[in-house]
Amino acid sequence: MTQSQPSAIEREAVSEGPNPLGLDGIEFIEYATSKPQALGQVLERMGFRPIARHRSREVLLYRQGDINVIVNAHSSGSELTGQPVISAIALRVRDAAAAYHRALERGAWAVPARVEVMELNIPAIHGVGTSRIYFVDRYREFSIYDVDFTPIPTVDQKPPAVAGLHFFGIVQYIGNDRTEDWTEFYAALLGFTVLPDAQRFGILPKGRILQSPCDSFFVQLIEPEPGVLDVEDDECLQRVGLGAADVPAAIEALRGRGVEFVSSGGPERDARGALTRTVMGSVSFELVHNVRAGAQG
């Protein structure tokens with residue numbers, strides 16, 4: 001017998017439960033900037049390599065290990081600035097169309113697609129600020145980059161990660177008294193759960209930490225310090241967290257590449273995590289001790 005393809009209803013049925021959208025990790029983080037070369041230099045110091053160019057837009061794909069970062073300098077109606085912003089996060093899912101429609105059913109706001117000739121239609125919903133959350137189901141043998149990007153000649157398409165770095169999570173700055181609102185957003189739409197306050201990572205144990213339903217990454221929500229005026233208009237994805245099995249070794253390797261770190265206060269704190277100095281007015285990375293099976297190094 002030939003196995004028939006599941007119907008739309010059957011696809012929806014398998015997405016019920018603790019992981020309603022079938023999340024399977026982070027596919028890429030996207031930065032938007034009018035200074036892509038300067039940001040590219042920052043990324044290369046962090047160990048990333050430019051491996052492909054978009055076929056029709058001013059967009060570059062950087063990679064190390066299984067970490068993908070997209071630098072987008074293509075203006076599509078929004079004003080780009082020299083200060084990079086994290087404009088999107090793409091989540092791996094079992095079925096992008098099913099995940100997208102399930103998110104809309106749960107109250108997400110759709111992002112209208114602007115697909116040009118020979119481009120993939122990657123479904124997206126609105127995230128914090130002006131950011132987007134994409135759903136990607138082509139990330140194994142055949143990926144989204146096979147369609148939209150052209151490999152850069154002679155460049156290794158799978159450059160190894162510095163000290164086994166891998167995606168750990170993302171830090172989101174939120175407005176005053178908005179923790180519960182954003183907790184509900186990630187829980188209701190994507191199936192995230194709240195970690196106990198006693199469970200903390202790295203050297204910046206602030207705010208509330210949410211765990212993805214696939215148990216592979218985290219979102220950290222941080223409100224302004226007490227007494228700060230309302231900054232709801234400044235809500236944004238602030239920085240990327242990278243996991244490392246040996247943080248001091250990662251720090252040493254990155255320092256050798258020219259990366260500067262904020263003083264953490266000694267070897268004991270270095271073993272838990274580290275924070276790179278902010279460059280270009282907004283770009284920093286947080287290292288967090290995390291041992292992950294299968295991390296590339």
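The values are calculated or read from the model by the stated rules, or taken from the named source; none is laboratory data. These numbers were taken from a predicted model, which means no experiment stands behind them. Note: ideal-geometry Cβ built from the backbone for every residue, glycine included; neighbour counts use all protein chains shown.
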Exercise. If only one of Glu225, Glu141 is part of a loop (DSSP other than H, G, I, E, B), assigned by TED's automatic domain parsing to the domain that holds Gly65 and farther than 30 Å from Arg257 by Cα, which one is it?
Worked result: Glu141
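Looking only at region 97-116, decide whether some residue is in a strand (DSSP E or B) and of a type in the set (Ser, Thr, Tyr).
Looking only at region 97-116, we keep the residues that are in a strand (DSSP E or B), and these are 110.
Checking the rest, the ones that are also of a type in the set (Ser, Thr, Tyr) come to none.
No, that holds for no residue.
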Exercise. What residue, of Gly169, Gly175, Gly129, Gly202, is assigned by TED's automatic domain parsing to the domain that holds Arg53, touching a residue at least 60 places away in the same chain (Cβ under 8 Å) and not in a helix (DSSP H, G or I)?
Worked result: Gly129
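Of the residues Arg272, Arg277, Arg292, which single one is surrounded by fewer than 19 Cβ atoms within 10 Å (Cβ to Cβ) and modelled with pLDDT of 95 or more?
Being surrounded by fewer than 19 Cβ atoms within 10 Å (Cβ to Cβ) and modelled with pLDDT of 95 or more holds for just one of Arg272, Arg277, Arg292, which is Arg277.
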Problem set entry | Residue match in region 162-181 (condition: among the hydroxyl-bearing types (Ser, Thr, Tyr) and modelled with pLDDT of 95 or more) | yes
Exercise. Name the pairs whose Cβ atoms lie under 7 Å apart, with the first residue in region 43-58 and outside the structural domain of Gly243 (by TED's automatic domain parsing) and within 12 Å of Asn72 (Cα to Cα), the second surrounded by fewer than 20 Cβ atoms within 10 Å (Cβ to Cβ) and of a type in the set (Phe, Trp, Tyr), and 6 or more positions between them or separate chains?
Worked result: Arg53/Phe149; His54/Phe149
Exercise. Restricting attention to region 208-221, does a residue exist that is among the basic types (Lys, Arg) and farther than 25 Å from Thr33 by Cβ?
Worked result: yes
